[in-house]
Amino acid sequence: MNSQLRGTALVVVWSAGFIGAELGARHAGPDTVLAWRFIVNALVLAPWTLRAVRVQGRREWLRQAVIAVLCQCVYLGGVFWGAAAGIPAGTSALIASLQPALVLAVAVGLSGQRLRASHAAGLALGTTGVAITAAGDLRSGVSAVALLLPLFAMLSLTAGTLLQQRWPSPPVLQTLGMQSLFTASTFGLFTGVSGTLAPPSTPGFWVAVAWAAAVGIGGFGFYYLVTERDGSARASTLLYLTPAATALWAVPMFGQPLRPVTLLGLAISASAVLLLRTAAPAPPRDGTGETPDAPRALVSGACR
């Protein structure tokens with residue numbers, strides 16, 4: 001698979017995650033959809049989880065539990081509850097697309113390096129694009145409180161990403177398997193106690209669960225592949241294309257119109273991409289004289 005195909009697959013699969021949230025909201029509550037999504041993922045990843053049980057120590061399991069809470073439980077909870085509260089899929093994707101820039105801003109601040117003017121302008125443009133789109137949603141009847149759900153989800157994913165950047169992780173499938181065990185246990189227990197674990201009898205529910213579970217594994221897999229083969233800067237930049245892809249997904253699937261204010265917000269955010277492509281600071285050279293790409297510096301999808 002060449003670079004262009006990898007990038008296209010990442011954008012399509014990542015944007016499909018926001019569609020899955022809205023699809024699930026049409027058949028059951030977000031807690032029920034997420035519980036079964038995590039259970040299915042845990043079953044699929046069980047062989048790698050068993051491998052992790054044999055080779056990973058207590059500290060690694062504790063680290064993955066923390067990251068699972070931030071990157072999966074809270075992040076996906078915010079996205080799915082936002083969809084249930086009426087947040088359009090494209091808006092959730094647009095808010096989430098600020099995450100790579102926020103991670104980069106924090107990383108630059110922690111490293112003590114000066115924030116480039118192009119990066120500051122990219123952050124400002126990206127935030128403006130989100131604000132314009134959110135304002136359009138408010139005028140169309142979406143509550144301001146509901147918009148806090150995807151925003152809080154994005155902040156949680158940012159925190160989890162920064163922790164994963166600091167903590168070396170096991171191989172990707174072991175990482176996903178460990179996290180899926182925690183998420184399935186957490187949401188399974190929560191929905192069991194609250195009485196919402198029982199799935200509805202509609203076939204559409206299982207379609208939504210299968211969609212969300214496949215995207216959960218595929219989204220991370222393609223991000224990891226793009227990061228490893230093409231660099232973290234390219235992977236992070238590609239995520240800024242997912243709001244437009246999500247908005248296009250939503251037109252045929254849900255009949256959501258492309259409002260002018262949404263298109264304006266997407267255009268402004270797209271311009272932020274061009275600035276942020278050159279904003280990442282160059283990592284230090286290793287002992288061979290090569291400049292290694294630091295995949296964890298901007299791993300915005302590493303816990304998805």
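Observations on the structure shown:
- Some residue of the stretch 194-207 being touching a residue at least 24 places away in the same chain (Cβ under 8 Å), under 30 Å from Leu275 (Cα atoms) and part of a helix (DSSP H, G or I): no
- Picking from residues in the stretch 32-90 that are part of a loop (DSSP other than H, G, I, E, B) and among the small types (Gly, Ala, Ser), the one that is nearest to Ala250 (Cα to Cα) is Gly86.
- Matching residues, the stretch 150-170, being more than 14 Å from the chain's Cα centre (by Cα) and among the hydrophobic types (A, V, I, L, M, F, W, C): Leu163, Trp167
- Taken together, Gln56, Gln64, Gln113 contain a single residue that is at pLDDT below 80, of a type outside the set (Val, Ile, Thr) and either more than 28 Å from Pro200 (Cβ to Cβ) or surrounded by fewer than 18 Cβ atoms within 10 Å (Cβ to Cβ) (or both), which is Gln113.
- Taking the criterion of being surrounded by fewer than 23 Cβ atoms within 10 Å (Cβ to Cβ), of a type outside the set (Gly, Ala, Ser) and either within 21 Å of Ala105 (Cα to Cα) or modelled with pLDDT under 70 (or both), the residues of the stretch 264-283 that qualify are Ile268, Val273, Leu274, Leu275, Arg277, Thr278, Pro281, Pro283.
- Answer from Ile39, Ile19 - the residue that is over 23 Å from Ala96 (Cβ atoms), under 21 Å from the mean Cα position of the chain (by Cα) and not acidic (Asp, Glu): Ile39
- Here Gly7 passes the criteria (1) closer than 16 Å to Ala210 by Cβ; (2) under 17 Å from the mean Cα position of the chain (by Cα); (3) surrounded by fewer than 24 Cβ atoms within 10 Å (Cβ to Cβ) except the one numbered (1).
- Residue that is surrounded by the most Cβ atoms within 10 Å (Cβ to Cβ) [pool: residues in the stretch 192-204 that are in contact with a Ser or Thr (Cβ under 8 Å, 6 or more places away or on another chain) and under 27 Å from Ser15 (Cβ atoms)]: Pro199
- Considered as a group, the residues in the stretch 249-263 that are in a helix (DSSP H, G or I) and over 23 Å from the mean Cα position of the chain (by Cα) include one that is surrounded by the fewest Cβ atoms within 10 Å (Cβ to Cβ), and that residue is Pro260.
The values are calculated or read from the model by the stated rules, or taken from the named source; none is laboratory data. If you're wondering where the values come from, they're calculated on a predicted model, not measured in any experiment. Backbone-built Cβ (ideal geometry, glycine too); neighbour counts: all protein chains shown.
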